[in-house]
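The values are calculated or read from the model by the stated rules, or taken from the named source; none is laboratory data. The structure displayed is predicted, hence computed values, not measured ones. Cβ placement follows ideal geometry from the backbone for every residue including glycine, while neighbour counts extend to all protein chains displayed.
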Amino acid sequence: MNQDKAYSSKEEKKIPISDPSGKWSDLTLMPEWSEQYYNVYTVRKHGKWVMLKALKPEYADKPEFQEMISQEFDTRYNLAHPNIVMVNDFEDVPGVGKAIITDDVYGYSLRRLIDEKRLTPKIVHRLETQLLDAMQYIQENHIVHNPVTPDTIIFTEYNENLKLINVGYDRKSHLSRTSAEEDIRAYGEVLGEVLDHLPTSLPRLRRIATKAKSDNTPFKSIADIQLAVERRNSAQIYYLLISFIAVMVLVLIWLTLGK
């Protein structure tokens, strides 16, 4: 693997690829990102790094699974959000078969960052903002998806921006209440696990995580969680503004009395 690339997996496996056209090269399996039916690879396409999602060999020739990957491509192709890994194409790749082609992701999974004790304040802030934004976008577009977990959340290497992978395999006219509840619970689980591994306590976020995981959660949607986060942030800004005004008034009084 080139030294200028950093991924979440520690067990990448370089796979020989035969492509006389020279279009594809440097095919590498990413075991840590594999799914139940799919393998995930990184590869060069015309010299540019991209990622591939393809059926595992034992499923590749079965029509029902071929239909499954085709449907996932159709579902994800029109999604456009800065915190969701973009799907670019669906084509045959030598040695892999039909594959979903996505943007390349330089970075590490949240799972690895937790395990290696590499969490930062910026990552926590991304979970309050970027993760909620991405999950809200998925809900607004009625995307049926696998649960969001630390394994499907990637943070880019240089600026720690959040990217969601494995974000959807079907689209409905509306999402069921159960789907919304599962998203809320998933967010609570992710946030709670991160808080468990921080060297400091964050009571406000802990309360939000606990409420989100609760069977009787007051949150009815991801938008409700966003409001809870924003309400607290707005309150902090309000109190800071009041404090600033009070200090300025005292300074003016002191200057006036001093004349």
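Conditions tested, residue by residue: (1) modelled with pLDDT of 85 or more; (2) closer than 30 Å to residue 111 by Cβ; (3) out of contact with any Ser or Thr (no Cβ under 8 Å at 6 or more places or on another chain).
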| residue | (1), (2), (3) |
| --- | --- |
| 176 | yes, yes, yes |
| 188 | yes, yes, no |
| 197 | yes, yes, yes |
| 220 | yes, yes, yes |
| 227 | yes, yes, yes |
| 236 | no, no, yes |
Fill in the blank from the handout: Being in a loop (DSSP other than H, G, I, E, B), modelled with pLDDT under 95 and crowded, with 17+ Cβ neighbours inside 10 Å narrows 216, 146, 166 down to just 166
Exercise for the section: With the condition kept exactly as written, say whether any residue in segment 114-126 is closer than 15 Å to residue 153 by Cβ and assigned by TED's automatic domain parsing to the domain that holds residue 29. Expected result: no
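Please specify each residue of segment 33-47 satisfying the condition of being farther than 14 Å from residue 93 by Cβ and either buried (at least 16 other Cβ atoms within 10 Å of the Cβ) or without any contact (Cβ under 8 Å) to a residue 40 or more places away in the chain (or both).
33, 34, 36, 37, 47
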Exercise for the section: Return yes or no: is residue 131 farther than 16 Å from residue 166 by Cβ, buried (at least 19 other Cβ atoms within 10 Å of the Cβ), modelled with pLDDT of 95 or more and within 17 Å of the chain's Cα centre (by Cα)? Expected result: no
Completion exercise
Out of (1) modelled with pLDDT under 95; (2) farther than 20 Å from residue 49 by Cβ; (3) part of a loop (DSSP other than H, G, I, E, B); (4) in contact with a strand residue (DSSP E or B) (Cβ under 9 Å, 6 or more places away or on another chain), the one residue 81 does not meet is (1)
Handout entry: Tabulated pairs, segment 189-210, first within 20 Å of residue 231 (Cα to Cα) and in the same structural domain as residue 151 (by TED's automatic domain parsing), second loosely packed, with under 15 Cβ neighbours inside 10 Å and of a type in the set (A, V, I, L, M), C-beta under 7 angstrom, 6+ apart or interchain
Key = none
Practice task
For segment 12-35, enumerate the residues that are under 24 Å from residue 110 (Cβ atoms), modelled with pLDDT of 90 or more and either out of contact with any Asp or Glu (no Cβ under 8 Å at 6 or more places or on another chain) or hydroxyl-bearing (Ser, Thr, Tyr) (or both).
Solution key: 28
Exercise for the section: For segment 165-174, state whether one or more residues are touching a Phe, Trp or Tyr at 6+ places or on another chain (Cβ under 8 Å) and over 30 Å from residue 42 (Cα atoms). Expected result: no
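What residue, among those in segment 107-128 that are in a helix (DSSP H, G or I) and acidic (Asp, Glu), is nearest to the chain's Cα centre (by Cα)? Spell out how you get there, then give the answer.
Start the filter on segment 107-128 by keeping residues that are in a helix (DSSP H, G or I), which leaves 110-115, 121-128.
With acidic (Asp, Glu) added as a condition, the list becomes 115, 128.
Numbers: 115: 17, 128: 12 Å.
By that ranking, first place goes to 128.
Would you mind stating whether residue 9 is modelled with pLDDT under 95, among the hydroxyl-bearing types (Ser, Thr, Tyr) and either assigned by TED's automatic domain parsing to the domain that holds residue 151 or under 18 Å from the mean Cα position of the chain (by Cα) (or both)?
Yes; evaluated as a whole, the condition is true for this residue.
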Fill in the blank from the handout: Given (1) in contact with a Leu (Cβ under 7 Å, 6 or more places away or on another chain); (2) part of a loop (DSSP other than H, G, I, E, B); (3) of a type outside the set (Gly, Ala, Ser), residue 191 misses just (2)
Practice task
Show the residue pairs that are 6+ apart or on different chains and have beta-carbon atoms under 8 Å apart, the first residue being within segment 85-96 and in the same structural domain as residue 18 (by TED's automatic domain parsing), the second being in a loop (DSSP other than H, G, I, E, B) and surrounded by fewer than 17 Cβ atoms within 10 Å (Cβ to Cβ).
Solution key: 86/80; 94/18; 94/19; 95/15; 95/16; 95/18
Exercise for the section: Would you be able to say whether some residue in segment 157-166 is among the charged types (D, E, K, R) and under 9 Å from the mean Cα position of the chain (by Cα)? Expected result: yes
Problem - Filter pass, residue 73 being within 16 Å of residue 167 (Cβ to Cβ) and at pLDDT 95 or above - result: yes
